[in-house]
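All remarks here apply to the structure that follows.
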Amino acid sequence: MLSSKSQNDAVSSVFKAVLAALLVILAPSAAWSRDTITWASLDFPPWMILEGPHRGQGVWDELQQYLIDALPEYDHRVQVMNNERYELLARQGEKVCKVYYFKTPARERLLHYSIPSVVFLANQVVMRADKAALLGHPTHLSLAALLQDPRFAGTVVKGRSYGPQIDALLRAHLAQGRVREAVTTNESLFQYLADGRTDYILEFPAVRDFFEQDLSARPALVNIAIDEADPANLTYVTCVRNAWGAAVIARVDRLLERRIASPAHRSATLRWYLPADQQTLGRFYDRLLLAPLHAPEPAHGRP
């Protein structure tokens, strides 16, 4: 018959064996339970290119991959979705992020924003040259005046932000019917323009350069600067507005400080512009992205 000490030793051995088995079983589960960031992506050449020979060569593609590689403590899933879907998931508290987004008051109520991550030349009016002749071939114009001009009907993408100044003008004039919203891609929007199904669209110069070469019809197009809009725009990395999203953005901010200062990010930002536009954009890169990184922090710490 076993002594009391022997019985205790036996129980202890069994307990240790069971504990060791549980650790083996549960260890993989702990790894599998890491948080997953779902990155909302959208085909937006030339900044995010999901298809074709230039796939993955946009500045947002490269930034997204950089963040995925630099955040190994998370699992990552890239999912194609439009802006409306992304914002719906954010409202539901899902663990979603997006590598590029304009800043608007409505979106700031849903999302945490990083420091500015990418700069690009602002939206312009893109119009067929024969239509621009009716305006005297201007190099710039008032979008408010164009939206009220009965000779022209424009088309914009539903759910897309064109920047705060332009968004405000569109909201004020959509009900008048001279500009319509369409659930479509940027590529299709250029085809509408080429086919004469719309008189003008609002788009970035680099996007026009990218798509114009592939249009089935090739009418002469012109870019017209918008008086009410800033000449350059910024986008930000965003995540769902909760404690989880705040923690991700805090990590992203530190990573962006290194990325923005790198030649790779500058090269990706300028890549799809014509040489003259690269010079202009390079100055905005220095002023709007680089300079804030070197600005002295206030005495109470980073705002």
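Give me the net charge for the shell around Ala264: Cβ to Cβ below 12 angstrom, other residues only, Lys and Arg +1, Asp and Glu -1. Taking every other residue near Ala264 into account, the sum is +3. With θ taken as phi - 60° and the coefficients 6.51, -1.76 and 1.60, list the Karplus ³J(HN,Hα) couplings across the stretch 96-101 in order, rounded to whole Hz; mark glycine and proline as x. In residue order, the calculated couplings are 10, 9, 9, 7, 9, 6 Hz.
Ordered by solvent-accessible area of protein heavy atoms (1.4 Å probe), largest first, the residues His137, His54 come out as His137, His54.
Once the gyration tensor of the Cα atoms in the stretch 69-146 is diagonalised, the equivalent ellipsoid follows with semi-axes of 37, 15, 13 Å, ordered largest first. Normalised by the number of residues in the stretch 169-303, the mean separation of alpha-carbon contacts (under 8 Å, six or more apart) gives a relative contact order of 17 percent. In this view, the solvent-accessible surface of Lys95, computed with a 1.4 Å probe and all protein chains in place, comes to about 80 Å².
The stretch 240-289 and the stretch 69-96 have their alpha-carbon centroids 20 Å apart.
The values are calculated or read from the model by the stated rules, or taken from the named source; none is laboratory data. These figures come from a predicted structure and were not determined experimentally. Glycine gets a Cβ as well: all are built from the backbone with ideal geometry, and neighbour counts include every protein chain shown. Each accessible area value is taken on the protein alone, full model and side chains, heavy atoms only, with ligands, DNA and RNA left out. Shrake-Rupley method; radii C 1.70, N 1.55, O 1.52, S 1.80 Å.
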